[in-house]
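Chemist: What follows is a structure written as structure tokens; I'll ask about it next.
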Amino acid sequence: MIGRRNALATGLALAASAASAQVLDRPVVLVAPFSAGGAADLAARLFAAHAPRHMGSPSQPIIVENRTGASGAIGTQYVARARPDGHTLLLARVGSSAILPATDPRTPYQPGDFSWLALLDENPFVICVRADAPWTSLAGLIAAIRAAPGTLNFATSGPATILDLGIRHMLAASGLPIDAAQALPFRGGGEALTALLGGHAQFVGNNLGDMLGAIQQGQLRALVVSGEARLPSLPDVPTATEAGLPALSQLAGWNALAAPANLPEPVLEFWSRVARATAGDPEWLAATRRTGSVPRFLDGAAMKAHVEAQILLYRDLARRLNLG
């Protein structure tokens, strides 16, 4: 029995090696459409670090390339137009791949312009202030905005991202105008965090992956987190329902893997196998959880359906906020 298992393992390894050699003949570029230091960049670098173990031998390196701008559209469009040969991949994000197509008819791509490979993880939405800010609860922050509309600033990574839409959703759900706080745009969640820490913005609604380190280091105070239950990493932070704004519960960022449309079948199968194996890798799982993300694997077909459903969700939300 052991001999059979060893033979099977050897056969699978040889098959993976042959597939890798057949599919890839140079380094792979994984495009992160937001700036270095943010959740998209971190997720891309984690995948790039762990996936090669599942690509067979010899495996090509995965190089993360940050192509920023236009709420993630520049990097996302770059991949949509790339040659479909398996050497260019996209770290797809909710903002650039769902919110932007849902809210801006000028978006130069749609889900059908990509080969969807996998959903990797989801990232809760958290609203934070600096640790020395006077607001100790979400209700306190909202009361301050209500008392002096237009005077408090929040950092965002663009008008068609969860950083922006999430805060406007919060304002509307609180009975406030969606411009009751002023948006300060930056190129990514990492820069938005820096703006908050530097005092340029008074609060931020962001992916937890961007914020968790600063929260745990005592630099930031988290006021609320999305989801149905409190997070083990933030046991003292109330959920949106507990904070009195259940409308925020369903907001979440996500990281997915995509490639240009029309990948040849062997290439599609190769990357689908690599994505599935990486998503089950104990080291990747542990590293992803440390960032504040929640691992959640969907295969390519399920991920395409998820993107399409997300577009409908955010299109409806934008319509209700009079943003569309």
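Read-outs: derived from the displayed coordinates by stated rules, not from any lab. Worth saying up front: this structure is predicted, and the values here are computed from it rather than measured. When we count neighbours, we look across all protein chains shown, and the Cβ atoms used for this are built from the backbone with ideal geometry, even at glycine.
Chemist: How big is the Rg/Rh ratio for segment 199-280, C-alpha atoms only, Rh by Kirkwood, two decimals? Don't jump to the answer; show the numbers that get you there.
Modeler: On the way: Rg = 18.0 Å, Rh = 15.7 Å.
Ratio of gyration radius to Kirkwood radius for segment 199-280: 1.15.
Chemist: I've got another one for you. Along each of its three principal axes, how wide is the spread of alpha-carbon positions in segment 236-324, in whole angstrom units, largest first?
Modeler: Cα spread of segment 236-324 along its principal axes, largest to smallest: 49, 36, 15 Å.
Chemist: At 222 nm, what helix-only mean residue ellipticity would the chain give, in deg cm²/dmol to the nearest 500, using -39500 (n - 2.57) for each DSSP H run of four or more?
Modeler: Numbers: 11 runs with 131 residues, N = 324.
Rounded to the nearest 500, the figure is -12500 deg cm²/dmol.
Chemist: Classify segment 124-248: rounded, prolate or oblate, from the alpha-carbon gyration tensor (a ≥ b ≥ c, eigenvalue square roots; a/c under 1.5 rounded; otherwise prolate if a/b is larger than b/c)? Let's see the in-between values first.
Modeler: Working: a/c = 1.34, a/b = 1.08, b/c = 1.23.
Rounded, since a/c falls under 1.5.
Chemist: For the chain, just run the numbers: alpha carbon Rg, then divide by 2.2 N^0.38 Å, N being how many residues it has.
Modeler: Numbers: Rg = 20.4 Å, N = 324, 2.2 N^0.38 = 19.8 Å.
Against the compact-globule rule of thumb, the ratio is 1.03.
Chemist: Nearest 10 degrees is fine. How inclined is helix 39-50 to the longest principal axis of the chain, computing both from alpha carbons?
Modeler: Rounded to the nearest ten degrees, it is 20.
Chemist: Expressed as a whole number of Å, what is the distance separating the alpha-carbon centroids of segment 157-188 and segment 123-154?
Modeler: Using only Cα atoms, the two centres lie 12 Å from each other.
Chemist: Would you be so kind as to identify which of Ala214, Leu30, Ile127 lies farthest towards the positive end of the dipole of the chain, taking Lys and Arg as +1 and Asp and Glu as -1 on Cβ and the Cα centre as origin?
Modeler: Leu30
Chemist: Projecting each Cα onto the charge dipole of the chain (Lys/Arg +1, Asp/Glu -1 at the beta carbon, about the Cα centre), which of Ala309, Leu193, Leu171 comes out farthest on the positive side?
Modeler: It is Ala309, whose Cα lies furthest towards the positive end.
Chemist: Please compute the net charge surrounding Pro177, taking Lys and Arg as +1 and Asp and Glu as -1 over other residues with Cβ under 11 Å from its Cβ. Before the final figure, lay out the partial values.
Modeler: Working: positive: Arg146, Arg168; negative: Asp179.
Once positives and negatives cancel, what remains is +1.
Chemist: With only Lys, Arg, Asp and Glu charged, each at its Cβ (+1 for the first two, -1 for the last two), find how big the charge dipole of segment 124-248 is about the Cα centre; round to the nearest 20 debye. Could you put the intermediate results ahead of the total?
Modeler: Values: 6 positive and 8 negative charges, 25 e Å.
In total the dipole reaches around 120 debye.
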